[in-house]
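To start, the structure itself, in structure tokens.
The values are calculated or read from the model by the stated rules, or taken from the named source; none is laboratory data. Everything numeric here is computed off the predicted structure, so don't read it as measured data. Reconstructed Cβ throughout: ideal geometry from the backbone, glycine too, with neighbour counts over all protein chains shown.
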Amino acid sequence: MRNLKIYIIALMVSSFSYGQTLESLIAEGLKNSPEIQERQSNFKGIQERKNEVNTLPNTNFGLGYFLSEPETRTGAQRLKLSVSQMMPWFGSITTRQNYVTSIAEAKFVDIAIASRKLIASISQSYYQLYSNQEKRKILSKNIELLKTYETMALTAVETGKASAVDVLKLQIRQNDLEKLVKILEQQYASEETRMNRFLNREKDETIALLQELNMPKTIPSVDKGNMAIHPELIKYDKLYQSVEQSELLNQKEQMPMIGFGFDYVAVAERPGMSFSDNGKDIVMPMFSVSIPIFNKKYRSKTKQNDFQKEALVFGKESRKNTLITKLETALNNRISSKINFDTQVQNLEKANNAEQILIKSYESGTLNFNDVLDIQELQLKFQMEKIEAIKSFFIQSTIINYLSN
């Protein structure tokens with residue numbers, strides 16, 4: 001279980017490397033998550049069961065009063081008191097404790113899995129918000145640029161170098177971009193609500209974001225060997241161990257139970273007689289054995305455990321294949337995001353060069369506003385795809401962190 005704590009810390013450190021703001025959000029989410037708190041309570045409850053199973057069966061007490069007193073040589077029997085205690089087979093209590101411990105370990109893995117999933121969810125939501133924020137900034141800058149072009153076009157109309165149609169086209173383009181800004185604002189509000197749910201706080205609280213996310217120059221390496229110690233796979237191992245402990249307990253329960261006790265009988269003195277044992281009470285030590293002769297249920301339990309272990313082996317292999325597939329997909333997607341980013345940087349540079357050429361042509365007295373709109377549209381496309389590539393890169397990194405750390 002100590003190793004699983006290390007896995008959670010490692011994953012958090014990997015995620016935190018993207019910025020202090022994300023770190024604080026993840027810390028808050030882990031602290032306030034009802035799901036994690038529920039799993040922690042379940043874990044503590046299972047641990048407490050070790051005290052429950054560390055007990056002997058109930059002690060039996062019996063008290064009897066003879067309404068019709070049977071006579072014996074030493075006197076009449078008046079009262080009978082009996083005490084007995086059954087003892088489980090040797091090692092049964094320890095086996096029960098081991099079984100409960102194995103179940104608790106499986107429950108602890110659930111905490112690790114829930115923590116990983118929450119970290120991934122918060123991180124992905126954060127990058128969605130960042131992408132939305134940056135896209136709105138880009139759109140706002142492009143709207144301001146179009147207003148500048150509109151002023152240029154109005155001046156050109158006055159000098160007869162442009163037509164009113166050019167001005168209208170620029171205004172229509174501004175309206176389209178302002179519409180996109182409003183749509184993104186609605187999407188941001190929706191995603192912000194989703195993030196606040198992850199943090200278990202009011203839906204309208206503001207989420208603080210980083211000012212900039214930079215694409216790394218090189219793609220970090222990934223140790224695929226860590227997949228073998230992923231909590232989702234470790235859980236299968238812990239469940240397998242719990243089934244093994246269940247079978248050991250089943251074997252113990254097939255063994256006899258041994259009972260110890262004694263009977264005490266109060267005897268009255270015989271009147272008018274004098275001898276050494278007159279009225280002597282009776283104390284009789286008792287020994288008993290409880291043997292499960294009809295043990296069909298134990299044989300059935302053994303078969304059930306065998307089937308469970310077999311199912312867990314197949315289930316682990318299936319889940320491992322799924323996780324490996326997801327990891328390979330995320331790795332490929334992250335490489336594609338880096339390629340896409342680099343391409344957009346190059347395209348944006350060329351588009352900016354084309355824009356400068358158009359500006360210089362305006363200074364020389366000629367400006368084709370159709371070309372201006374085309375270049376502006378290309379610039380916006382490249383800028384938006386660049387932001388999308390950054391978002392995709394970090395979201396894929398979040399998936400990779402979940403699967404490989």
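Hey, among the residues in the stretch 268-278 that are surrounded by fewer than 16 Cβ atoms within 10 Å (Cβ to Cβ) and either of a type outside the set (D, E, K, R) or at pLDDT 90 or above (or both), which one's nearest to Pro292 (Cα to Cα)?
The residue in question is Asn278.
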Exercise for the section: Pairs only if they're at least six apart or on different chains, beta carbon under 8 angstrom, first in the stretch 148-164 and in contact (Cβ under 8 Å) with a residue 12 or more places away in the chain and more than 18 Å from Gln174 (Cα to Cα), second in a helix (DSSP H, G or I) and of a type in the set (D, E, K, R); list them, first residue then second. Expected result: Ala156/Asp166
Handout entry: Close pairs (7 angstrom Cβ cut-off, 6 or more residues apart or separate chains): basic (Lys, Arg) in the stretch 50-65, surrounded by 12 or more Cβ atoms within 10 Å (Cβ to Cβ) anywhere
Key = Lys50/Gln97; Lys50/Val100; Lys50/Thr101
Handout entry: Complete set of residues in the stretch 66-89 that are among the hydrophobic types (A, V, I, L, M, F, W, C) and touching a residue at least 24 places away in the same chain (Cβ under 8 Å)
Key = Ala76, Leu79, Leu81, Val83, Met86, Met87, Trp89
Exercise for the section: Output yes when any residue across the stretch 345-366 is closer than 30 Å to Ser404 by Cβ and assigned to a helix (DSSP H, G or I), and no when none is. Expected result: yes
Practice task
Sort through Ile400, Ile390 and tell me the only one that's in contact with a Lys or Arg (Cβ under 8 Å, 6 or more places away or on another chain), part of a helix (DSSP H, G or I) and buried (at least 18 other Cβ atoms within 10 Å of the Cβ).
Solution key: Ile400
Exercise for the section: Being of a type outside the set (Gly, Ala, Ser) and out of contact with any Asp or Glu (no Cβ under 8 Å at 6 or more places or on another chain) is the filter; apply it to the stretch 110-121 and report the residue that is farthest from Pro57 (Cα to Cα). Expected result: Ile119
Fill in the blank from the handout: For the stretch 97-131 the number of residues that are under 16 Å from Glu35 (Cβ atoms), out of contact with any Phe, Trp or Tyr (no Cβ under 7 Å at 6 or more places or on another chain) and hydrophobic (A, V, I, L, M, F, W, C) is 4
Exercise for the section: Please go through the stretch 58-114 and pick out each residue that is more than 22 Å from Leu249 (Cα to Cα) and among the acidic types (Asp, Glu). Expected result: Glu69, Glu71, Asp110
Completion exercise
Residue count, the stretch 282-296, condition of a type outside the set (Lys, Arg) and more than 17 Å from Trp89 (Cβ to Cβ), comes to 6
Practice task
Specify which of the listed residues (Arg334, Arg319) is touching a residue at least 60 places away in the same chain (Cβ under 8 Å), surrounded by 14 or more Cβ atoms within 10 Å (Cβ to Cβ) and more than 29 Å from Lys135 (Cα to Cα).
Solution key: Arg319
Exercise for the section: Report yes if some residue within the stretch 224-237 is over 30 Å from Gln308 (Cα atoms) and either crowded, with 16+ Cβ neighbours inside 10 Å or of a type outside the set (S, T, N, Q) (or both); otherwise report no. Expected result: no
Exercise for the section: Could you list all residues from the stretch 132-159 that are surrounded by 19 or more Cβ atoms within 10 Å (Cβ to Cβ), of a type outside the set (A, V, I, L, M) and touching a Phe, Trp or Tyr at 6+ places or on another chain (Cβ under 8 Å)? Expected result: Asn132, Tyr149
Fill in the blank from the handout: Subset of the stretch 238-267, residues buried (at least 18 other Cβ atoms within 10 Å of the Cβ) and farther than 22 Å from Thr95 by Cβ, comes to Gly261, Val265, Val267
Handout entry: Single residue of the stretch 156-199 satisfying the filter (over 29 Å from the mean Cα position of the chain (by Cα) and acidic (Asp, Glu)) that is farthest from Ser131 (Cα to Cα)
Key = Glu158
